[in-house]
1. Leaving out ligands and nucleic acids, note down the accessible area per residue over chain B with a 1.4 angstrom probe, in whole Å².
2. What nm value, rounded to one decimal, do you get for the distance between B:Lys67 and A:Ala2 when each label is placed 7 Å out toward the C-beta?
3. Which whole number gives the average, over all residues in B:35-43, of C-beta atoms from other chains lying within 10 Å of the residue C-beta?
4. With charges set only on the Cβ (+1 for Lys and Arg, -1 for Asp and Glu), what does the dipole of the protein assembly as shown come to about its Cα centre, in debye to the nearest 20?
5. Can you give the alpha-carbon Rg of chain A over 2.2 N^0.38 Å, where N counts its residues?
6. Taking each residue of B:101-111 in turn, how many C-beta atoms of other protein chains fall within 10 Å of its C-beta, and what is the average?
7. Just counting partner chain Cβ atoms within 10 Å, what average do the residues of peptide B:12-24 show around their Cβ?
8. As a test of the definition: with a 1.4 Å probe, what buried accessible area, both sides summed, do you compute for A against B, in Å² to the nearest 100?
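The values are calculated or read from the model by the stated rules, or taken from the named source; none is laboratory data. Because the structure is predicted, anything quoted here is derived from the model rather than measured. Using ideal geometry, Cβ is built from the backbone for each residue, glycine included, and neighbour counts are taken over all protein chains shown. Quick note on the areas: whole protein, heavy atoms, side chains included, nothing else; ligands and nucleic acids left out. Shrake-Rupley method; radii C 1.70, N 1.55, O 1.52, S 1.80 Å.
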Amino acid sequence: DAGVIQSPRHEVTEMGQEVTLRCKPISGHNSLFWYRQTMMRGLELLIYFNNNVPIDDSGMPEDRFSAKMPNASFSTLKIQPSEPRDSAVYFCASSYGTLQETQYFGPGTRLLVL
Amino acid sequence: QKEVEQNSGPLSVPEGAIASLNCTYSDRGSQSFFWYRQYSGKSPELIMFIYSNGDKEDGRFTAQLNKASQYVSLLIRDSQPSDSATYLCAVPHSGGYQKVTFGTGTKLQVIP
């Protein structure tokens, strides 16, 4: 089976531009997570969904960030407008179950905002 | 106090030695604990999880849990250069669902 799929793998953009990151979770998984990883702050949870419903978005840094999950097989994380401090690796992960289950990570999107 | 704390390292051990990685957490209600390995430029992957106090062994890896002390560790026996990576401790929140807090990770270097 395919793992978690993310696109694009790399994104370079200029400050002020809109950035959209995409994720396809593992088929059958019912939870989806968006993380951001930087050297300074490590791996931070931005938002997670359970059965396509956002459960906790307390990690979303500000209103410039938004996430959607229109169906069980697709999610987006949007940054508008982007800023240089948004430069990081963004991971999507998925899991199955309702308790504390293993999360499977995608390859990540490396974002650079100039 | 951070929710999950790890020494950032780097921790350098010679090939064949035992590497000991430590993690402390603040949520006393946490029931399960995970260790992820992340190679440079790659995504995290699960290597061990533990639910009960005591030791859990899987090949060269042993996870140790002490809930009273809020301490979890990972031992890697017979360390190999291929074990060189960053090891992330992950602790789910006790409030339900699947929210997990990751430590900042310990970078391990195994010297041939």
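1. That works out to 47 Å² for each residue.
2. With each label placed 7 Å out from Cα toward Cβ, I get 4.0 nm.
3. So the per-residue partner count for this stretch is 3.
4. The dipole magnitude comes to about 80 debye.
5. Its radius of gyration relative to the 2.2 N^0.38 Å reference: 1.00.
6. 2
7. So the per-residue partner count for this stretch is 0.
8. 1800
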